[in-house]
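Participant: Can you keep this structure in mind? I'll have questions shortly.
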Ligand SMILES: Nc1ncnc2c1ncn2[C@@H]1O[C@H](COP(=O)(O)OP(=O)(O)OP(=O)(O)O)[C@@H](O)[C@H]1O
Ligand SMILES: [Mg+2]
């Protein structure tokens, strides 16, 4: 067999090329798992990371199960980094066929001729959206009758259009919401992955020895009308549960990594605001807070990320160096937080107000962060209380220069939060407007 790359004959078994063909995708993934850590950008989730690594080492397919926005797709994308950087494939093949063991009919035909042209390809990460209207043609592939009428041979490459899953040959197929795929197609899928064949509706068995790493995601069953995954398919996958971030620190880390870069360069979002905002979202997920309405669908990490963005946006627009409480919303409401939460939360009854729920959550979150601040800075707090008594009113935007203990670059924000803590924890201060506190 003669192999030609860029017009020159090559020895594909030489050291230069041997790594780039004839190896299964699972083996590439195993080797890279031992060489590099690709899960560094996923915050926390240490148990889940271990499970994913083990499942991949075992050559298993993985099903990530969890509610929206907790990192299923992020995990799948991280796994994609375990694919080799490039592969040798038969030139022009729609499914990146292997030069030595090609799968598709037209490539096998090419091999019979004794000379095969090769090319470098990047292994694919094919994202397939689980859709109840999906057809066999879209998922597996289809024959073009038009091309046959035009005189093409049945096994010429023009006649067959590979579907999404075949396109993932020698790469990853990631199915988002696996349960949404029609059940007949789910059956085809497990036949394809397990037995490397497809049974047509007429009962013909078509060999399809494709090599894909199969990863899928699903929301837990009974959740917002998600349909079930068929047992035989489920039986062939390792299920790994993906839940919300475990700690407020992880929640903050996720929000900071994913919030807008441009905004983060323009404005500081101090620790006390990070904690408060992350807590607003986290409190909506638990039942520590007595809410005016029952939360049916809880806000995910996407809500946290967006709340951080909106509050920073307000700060930039209003010329603040660091986020202030008024950036939560104008006129003392929390409309910028509502903006990040409204579409991402579902209350039990439609008529219930997201504004009221957010108001309760923000006040509870402020109570917690303020008491942390109050307890950790008792000396400064009593100094500040004395000063407030003397002056009767403090405007943080003007008076911050008089206090030496405030952190650089965020003096106004720090002073405001300390006064807010005095107001909430010992009730010697009262907020009278944007950054203005009076002695009571
Ligand atoms: N543990 C985490 N580490 C880093 N980023 C995370 C983590 N969890 C969530 N995120 C971030 O939250 C956002 C949503 O995550 P992702 O898209 O992976 O969720 P998902 O579970 O696939 O959601 P869906 O069910 O809606 O598809 C992304 O911006 C992602 O970067
Ligand atoms: Mg996703």
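Please treat every number below as a calculation from the coordinates, not as lab data. Computed from a predicted model, the values in this text were never measured in an experiment. Neighbour counts are summed over all protein chains in view; Cβ atoms, including those assigned to glycine, are modelled from backbone coordinates with ideal geometry.
Participant: What's the center-to-center distance, using Cα atoms, between the range 347-364 and the range 372-404 in Å?
Facilitator: Their Cα centres are 32 Å away from one another.
Participant: With a Förster radius of 51 Å, plug the Cβ-Cβ distance of residue 408 and residue 238 into 1/(1 + (r/R0)^6) and report the FRET value to the nearest 0.05.
Facilitator: About 0.55, to the nearest 0.05.
Participant: Quick one: angle between helix 25-35 and the longest Cα principal axis of the chain, in degrees between 0 and 90, rounded to 10, please.
Facilitator: 40
Participant: I would also like to ask the following. Please report the antiparallel percentage of the DSSP beta bridges confined to the range 2-241, to the nearest 5. Could you put the intermediate results ahead of the total?
Facilitator: Values: 13 of 36 bridges.
The antiparallel proportion sits near 35 percent.
Participant: Which length gain, in nm to one decimal place, applies between residue 318 and residue 109 when the Cα-Cα distance is subtracted from 0.36 nm times their residue separation?
Facilitator: 68.5 nm
Participant: Using Stokes-Einstein with the Kirkwood hydrodynamic radius over Cα pairs, what translational diffusion coefficient do you get for the range 99-157 at 4 °C and a viscosity of 1.567 mPa s, in µm²/s rounded to a whole number?
Facilitator: In µm²/s, the coefficient is 89.
Participant: Could you tell me the distance between the Cα centroids of the range 131-164 and the range 270-334, to the nearest Å?
Facilitator: Distance between centres, Cα-based: 50 Å.
Participant: When 121, 373 are ordered from fewest to most other Cβ atoms inside 10 Å of their Cβ, what list results?
Facilitator: 121, 373
Participant: Kirkwood Rh, Cα Rg: Rg to Rh for the range 377-440?
Facilitator: Working: Rg = 10.3 Å, Rh = 11.3 Å.
Rounded to two decimals, Rg/Rh equals 0.91.
Participant: Taking the Cα atoms only, what angle lies between the long axis of helix 271-285 and the longest principal axis of the chain, rounded to 10 degrees?
Facilitator: 60
Participant: Over the range 40-90, what number does the Rg to Rh ratio reach, with both radii from the alpha-carbon atoms and Rh per Kirkwood?
Facilitator: Rg/Rh for the range 40-90 comes to 1.02.
Participant: Restricting to Cα atoms and excluding each atom paired with itself, what does the Kirkwood estimate give for the range 245-372 in Å?
Facilitator: Details: mean 1/r = 0.0692 Å⁻¹.
Hydrodynamic radius (Kirkwood, Cα pairs) of the range 245-372 is 14.4 Å.
Participant: Provide, as a two-decimal number, the C-alpha radius of gyration of the range 318-427 over 2.2 N^0.38 Å, N being how many residues it has.
Facilitator: Against the empirical 2.2 N^0.38 Å value, I get 1.23 for the range 318-427.
Participant: Sort 418, 312 so that the residue with the fewest other Cβ atoms within 10 Å of its own Cβ comes first and the one with the most comes last.
Facilitator: 312, 418
Participant: Using the Cα atoms of the chain to build a convex hull, what is its mean projected area in square nanometres?
Facilitator: Averaging across all directions leaves 27.9 nm² for the Cα convex hull.
Participant: Here's a follow-up. Contour minus end-to-end for residue 372 and residue 257, with contour as 0.36 nm per residue of separation and end-to-end as the Cα-Cα distance?
Facilitator: Result: 39.0 nm gained on full extension.
Participant: Further question on the same structure: Go ahead and estimate [θ] at 222 nm for the chain from helices alone: -39,500 (n - 2.57) per DSSP H run with n ≥ 4, summed, over the residue count, rounded to 500.
Facilitator: -11500 deg cm²/dmol
Participant: Separate question: Using alpha carbons only, how many degrees (0 to 90, rounded to 10) separate the axis of helix 301-317 from the longest principal axis of the chain?
Facilitator: So the helix axis and the longest Cα principal axis differ by about 50 degrees.
Participant: Here's another thing I want to ask about it. Quick one: if you stick a label point 7 Å off each Cα along the C-beta vector at residue 17 and residue 120, how many nm between them?
Facilitator: The modelled label-to-label distance comes out at 1.4 nm.
Participant: Here's something else I'd like to know. Find the relative contact order for the range 2-241 and round it to a whole percent, using C-alpha pairs within less than 8 Å whose residues are 6+ positions apart. Working shown, then result.
Facilitator: Numbers: 404 pairs, mean separation 59.4, N = 240.
Once normalised by length, the contact order is 25 percent.
Participant: Report, largest value first, the span of the C-alpha coordinates of the range 2-241 along each principal axis, in whole Å.
Facilitator: For the range 2-241, the Cα extents along the three principal axes come out at 53, 45, 24 Å.
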